[in-house]
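Engineer: Can you keep this structure in mind? I'll have questions shortly.
The values are calculated or read from the model by the stated rules, or taken from the named source; none is laboratory data. These numbers come from a predicted model, not from an experiment. Backbone-built Cβ (ideal geometry, glycine too); neighbour counts: all protein chains shown. Please note that ligands, DNA and RNA were not included when accessible areas were found on the heavy atoms of the full protein model with its side chains. Shrake-Rupley method; radii C 1.70, N 1.55, O 1.52, S 1.80 Å.
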There are 2 protein chains.
Amino acid sequence: MAALASTEAFPMNGGDGSYSYNRNSSFQRGGVVSAKALISKAVAEIFDVNQFITSSNSISVADLGCSVGPNTFIVVKNIIESVEQKCQSQGLDSQVIEFQVFFNDHVANDFNTLFKSLPCDRRYFAAGVPGSFYGRLFPKASLHFVNSSYSLQWLSKVPEEVVDRNSPAWNKGRIYYTNAPNEVIRAYSTQFARDVGSFLKARAEELVCGGLMALLIPCVPLGTPPSQSPLVAVVDLLGESLLDMANMGLVSEDKVDSFNFPKYNPTPQELECLIESNGCFTIVKMEPAVRAPMADGKAPTIQMFMLHLRAAWEPLIKEHFGSEIIDELFVQFTKKVAISSTLSECSYKTVLELFVLLHRKTG
Amino acid sequence: MAALASTEAFPMNGGDGSYSYNRNSSFQRGGVVSAKALISKAVAEIFDVNQFITSSNSISVADLGCSVGPNTFIVVKNIIESVEQKCQSQGLDSQVIEFQVFFNDHVANDFNTLFKSLPCDRRYFAAGVPGSFYGRLFPKASLHFVNSSYSLQWLSKVPEEVVDRNSPAWNKGRIYYTNAPNEVIRAYSTQFARDVGSFLKARAEELVCGGLMALLIPCVPLGTPPSQSPLVAVVDLLGESLLDMANMGLVSEDKVDSFNFPKYNPTPQELECLIESNGCFTIVKMEPAVRAPMADGKAPTIQMFMLHLRAAWEPLIKEHFGSEIIDELFVQFTKKVAISSTLSECSYKTVLELFVLLHRKTG
């Protein structure tokens with residue numbers, strides 16, 4: 001839930017205001033809640049709590065890309081309850097087990113808000129860990145369960161080629177790869193592969209043998225052209241809005257040309273390939289998270305959708321263009337989204353939120 | 001370096017502004033630097049790094065009451081360098097040892113500033129731990145070295161009796177115990193004893209057997225009346241300033257009566273007694289930290305001293321009186337300090353910064 005571009009970090013909107021991630025993350029919450037049963041089942045089947053508490057005094061859990069809450073607290077609660085149930089099923093006294101939970105996000109994340117929102121009735125010792133999860137964050141073999149929801153799609157940086165005027169991958173007139181030449185798409189997928197490679201390498205060192213890692217990542221189904229995936233196409237609408245503003249003289253064309261969106265939505269097959277190539281994890285499960293319907297049974301409104309996008313994307317846009325253009329940009333952007341078919345019910349259903357469960361191989 | 005009053009937490013001034021602790025903590029730095037040699041010697045003599053790295057994959061260090069830096073980074077660097085030297089002296093390769101450092105302070109501490117100030121060349125994995133150190137913060141037996149500098153003098157709360165109009169310890173017309181009846185002094189010392197008891201009980205659980213704990217705490221020498229210790233007497237000058245402001249109609253008398261300063265400076269003997277009564281620690285060392293002279297060889301100026309007090313005390317005062325009175329209060333307070341003998345070179349030398357090194361007993 002946090003982005004890095006050109007070694008700069010852009011977390012979600014902090015604080016608790018109207019545009020904060022804290023107040024605008026119910027969409028992500030749907031996926032997080034739907035992953036609950038999958039996590040419980042995996043813990044019940046293969047989480048070797050008996051061995052872990054023999055060699056360590058407590059169970060360590062990390063949520064990587066946690067942002068400011070509240071979704072991270074829901075995930076962590078799920079994991080802890082699953083481990084407690086596993087204990088009970090094995091005749092272990094779950095009350096004697098202590099949990100330590102590490103909340104990780106970029107240094108620029110609003111940890112102050114995160115810490116103030118920690119649930120009072122939590123049954124764990126909490127710690128915040130600042131830094132990019134594309135590098136090492138924890139000592140070797142110190143974690144038993146790692147989670148990362150809606151974070152791995154954020155690249156560690158914009159691929160260098162797409163901002164290089166002398167490269168065939170120079171992405172002039174666009175901010176994304178949706179309708180771009182193959183060179184641009186390749187630059188994005190290569191950056192994603194490199195980042196996921198670094199992520200898996202670091203986690204393979206940090207997880208104990210037998211430890212579990214749950215990932216939730218928005219993907220594009222194999223064979224679906226990027227432009228037909230709302231996840232990808234909506235970034236194009238942002239690009240169009242920026243170009244419109246350049247035409248209106250509200251922002252310079254150069255500024256738009258040098259802006260590229262550091263996000264990539266892989267196919268499940270791409271991700272699987274990267275996991276296999278790392279070699280340290282067994283894929284226990286890789287399946288779409290079945291999202292529960294919204295509380296009122298309806299699809300999210302445009303307004304709600306835009307608030308979610310703003311909470312997640314504003315810091316990134318602000319860093320490049322300054323804060324002056326944000327309000328007007330989101331007015332233009334909302335208009336485009338409203339009249340496009342991007343969020344029509346049909347394409348909305350093509351969003352593939354992939355749940356991946358990995359088991360750290362022993363030895 | 002943080003205070004709690006009536007279950008409310010008042011950390012040092014956050015951020016990086018003129019009145020921030022970040023910029024105004026060089027006085028505390030003197031003590032921290034002077035403790036370096038004492039920590040190194042203790043690690044060299046009794047820190048069983050060999051045993052620790054056999055049973056754990058890394059060395060865990062915690063700094064409790066860390067505030068926002070930079071002093072905490074100096075302490076942590078000292079500890080890590082001392083452990084590395086110990087490794088070398090034992091023929092161990094210190095480069096293979098990983099360190100995890102936990103920075104603890106109240107939930108209201110400015111962790112965002114702390115995280116942004118983390119040294120880039122650090123040789124450890126960093127984590128922030130929000131919460132009062134008078135309770136448990138870490139899993140059992142998970143820490144190898146605990147440090148706490150200039151923090152234990154802050155009480156977990158104002159003793160209840162001193163704000164109770166029906167108690168003989170009601171502290172009317174004062175904000176502190178300096179020239180107060182014995183009942184008030186007793187209420188403060190009892191609260192301190194209870195707090196240190198809770199602190200030691202929690203740490204005894206969290207430290208591994210053989211682990212070390214270094215404390216730096218400003219004390220009053222046995223036999224010195226509180227009013228003759230600048231540490232204590234300076235709070236009285238703050239109280240006088242508040243009473244003056246009440247007389248000038250700038251703040252209500254009731255408001256001053258209901259304010260008490262949640263700090264207590266024990267004698268070394270009091271502290272020793274509390275450690276013995278806990279029973280889980282051996283006192284390896286208990287001696288005054290010999291403070292290096294200021295860089296320019298001079299005593300701190302009044303202005304510098306006042307900036308330090310403001311960085312540390314402002315949040316506490318603001319919480320009770322609101323932020324409007326702060327500037328005027330510090331004008332009055334500075335005048336009082338300037339004409340009093342509290343900070344004369346003579347009494348300044350009577351400050352006793354006690355360095356205490358404890359060894360967690362085995363079994």
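Engineer: For A:ARG203, work out the one condition from (1) more than 30 Å from B:THR54 (Cβ to Cβ); (2) open to solvent by less than 10 Å² (accessible area, probe 1.4 Å); (3) part of a helix (DSSP H, G or I) it doesn't fulfil.
Structural biologist: A:ARG203 satisfies every listed condition except (1).
Engineer: A further question on this structure: Report whether or not A:VAL162 is in contact with a strand residue (DSSP E or B) (Cβ under 7 Å, 6 or more places away or on another chain), among the aliphatic types (A, V, I, L, M) and over 18 Å from B:PHE115 (Cα atoms). Even if it seems obvious, please write down each step before you answer.
Structural biologist: Numbers: in contact with a strand residue (DSSP E or B) (Cβ under 7 Å, 6 or more places away or on another chain): no; among the aliphatic types (A, V, I, L, M): yes; over 18 Å from B:PHE115 (Cα atoms): yes.
So A:VAL162 fails the test.
Engineer: Still on this model: Need at least 2 residues that are within 12 Å of chain B (Cβ to nearest Cβ) per element, so show me which helices (runs of 4 or more DSSP H) inside segment A:33-150 make the cut, counting only ones lying wholly within it. Explain how you work it out, then say what you get.
Structural biologist: Values: elements: A:36-46, A:49-55, A:71-89, A:111-116.
Helices (runs of 4 or more DSSP H) meeting the threshold: A:49-55, A:111-116.
Engineer: Across segment B:151-163, what is the number of residues that are more than 8 Å from the chain's Cα centre (by Cα) and in a loop (DSSP other than H, G, I, E, B)?
Structural biologist: Taking segment B:151-163 first, the residues more than 8 Å from the chain's Cα centre (by Cα) are B:155-163.
From what is left, the residues that are in a loop (DSSP other than H, G, I, E, B) are B:155-159.
Going through segment B:151-163 one residue at a time, the tally reaches 5.
Engineer: Search segment B:210-231 for residues being part of a loop (DSSP other than H, G, I, E, B) and either β-branched (Val, Ile, Thr) or buried (at least 16 other Cβ atoms within 10 Å of the Cβ) (or both), and hand back the single one that is modelled with the highest pLDDT. Spell out the reasoning first.
Structural biologist: Applying the first criterion (part of a loop (DSSP other than H, G, I, E, B)) to segment B:210-231 yields B:220-225, B:229.
Adding the requirement that they be either β-branched (Val, Ile, Thr) or buried (at least 16 other Cβ atoms within 10 Å of the Cβ) (or both) leaves B:220, B:224, B:229.
Working: B:VAL220: 90, B:THR224: 84, B:SER229: 81.
That would be B:VAL220.
Engineer: Which residue pairs have Cβ atoms under 7 Å apart, sit 6 or more places apart or on different chains, and have a first residue in segment B:309-328 that is under 13 Å from B:PHE261 (Cα atoms) and open to solvent by 20 Å² or more (accessible area, probe 1.4 Å) and a second that is assigned to a helix (DSSP H, G or I) and among the β-branched types (Val, Ile, Thr)?
Structural biologist: Final answer for the pair search is B:LYS318/B:ILE326.
Engineer: Next question. Taking the condition of being open to solvent by less than 10 Å² (accessible area, probe 1.4 Å) and more than 20 Å from the chain's Cα centre (by Cα), how many residues in segment B:128-142 meet it?
Structural biologist: Summing the residues that are open to solvent by less than 10 Å² (accessible area, probe 1.4 Å) and more than 20 Å from the chain's Cα centre (by Cα) in segment B:128-142 gives 1.
Engineer: Out of segment A:259-292, which residues are closer than 30 Å to A:LYS172 by Cα and not in a helix (DSSP H, G or I)?
Structural biologist: Our first condition is that a residue be closer than 30 Å to A:LYS172 by Cα; within segment A:259-292, this holds for A:259-271, A:274.
Answer for segment A:259-292, where residues must be closer than 30 Å to A:LYS172 by Cα and not in a helix (DSSP H, G or I): A:PHE259, A:ASN260, A:PHE261, A:PRO262, A:LYS263, A:TYR264, A:ASN265, A:PRO266, A:THR267.
Engineer: Are any residues in segment B:273-290 buried (at least 16 other Cβ atoms within 10 Å of the Cβ) and at pLDDT below 85, and if so, which ones?
Structural biologist: B:ALA289 - this is the single residue of segment B:273-290 that is buried (at least 16 other Cβ atoms within 10 Å of the Cβ) and at pLDDT below 85.
Engineer: Which is of a type outside the set (Gly, Ala, Ser) and either under 30 Å from B:ALA62 (Cβ atoms) or out of contact with any Ser or Thr (no Cβ under 8 Å at 6 or more places or on another chain) (or both), of B:VAL184, B:VAL163? Break it down into steps so the answer makes sense when it comes.
Structural biologist: Working: B:VAL163 fails: either under 30 Å from B:ALA62 (Cβ atoms) or out of contact with any Ser or Thr (no Cβ under 8 Å at 6 or more places or on another chain) (or both).
Of B:VAL184, B:VAL163, the one residue that is of a type outside the set (Gly, Ala, Ser) and either under 30 Å from B:ALA62 (Cβ atoms) or out of contact with any Ser or Thr (no Cβ under 8 Å at 6 or more places or on another chain) (or both) is B:VAL184.
Engineer: In the list A:SER151, A:SER167, which residue meets the criterion of being farther than 30 Å from B:GLY131 by Cα and open to solvent by less than 40 Å² (accessible area, probe 1.4 Å)? Reasoning before the result, please.
Structural biologist: Details: A:SER151 fails: farther than 30 Å from B:GLY131 by Cα.
The unique qualifying residue is A:SER167.
Engineer: Contact list please: Cβ distance under 6 Å, first residue in segment B:177-200 and farther than 26 Å from B:PHE281 by Cα, second residue in a loop (DSSP other than H, G, I, E, B) and open to solvent by 10 Å² or more (accessible area, probe 1.4 Å), pairs at least six apart or on different chains.
Structural biologist: B:ALA180/B:ARG174; B:GLU183/B:PRO168
Engineer: From the list B:VAL83, B:VAL75, B:VAL107, B:VAL43, which one is over 24 Å from B:LYS361 (Cα atoms), touching a residue at least 24 places away in the same chain (Cβ under 8 Å) and not small (Gly, Ala, Ser)? Step through it out loud before you land on a result.
Structural biologist: Values: B:VAL83 fails: over 24 Å from B:LYS361 (Cα atoms); B:VAL75 fails: over 24 Å from B:LYS361 (Cα atoms); B:VAL43 fails: over 24 Å from B:LYS361 (Cα atoms).
Every option except B:VAL107 fails the conditions.
Engineer: Kindly indicate whether any position in segment A:170-190 is closer than 30 Å to B:ILE53 by Cα and either part of a strand (DSSP E or B) or open to solvent by 50 Å² or more (accessible area, probe 1.4 Å) (or both).
Structural biologist: Just the residues of segment A:170-190 that are closer than 30 Å to B:ILE53 by Cα, to begin with: none.
No; the residues of segment A:170-190 include none that is closer than 30 Å to B:ILE53 by Cα and either part of a strand (DSSP E or B) or open to solvent by 50 Å² or more (accessible area, probe 1.4 Å) (or both).
Engineer: Counting only residues that are open to solvent by 30 Å² or more (accessible area, probe 1.4 Å) and either without any contact (Cβ under 8 Å) to a residue 24 or more places away in the chain or among the acidic types (Asp, Glu) (or both), how many does segment B:86-97 have? Can you show your working first?
Structural biologist: Going residue by residue through segment B:86-97, those that are open to solvent by 30 Å² or more (accessible area, probe 1.4 Å) are B:88-93, B:95-96.
Checking the rest, the ones that are also either without any contact (Cβ under 8 Å) to a residue 24 or more places away in the chain or among the acidic types (Asp, Glu) (or both) come to B:88, B:91, B:93, B:95-96.
Within segment B:86-97, residues that are open to solvent by 30 Å² or more (accessible area, probe 1.4 Å) and either without any contact (Cβ under 8 Å) to a residue 24 or more places away in the chain or among the acidic types (Asp, Glu) (or both) number 5.
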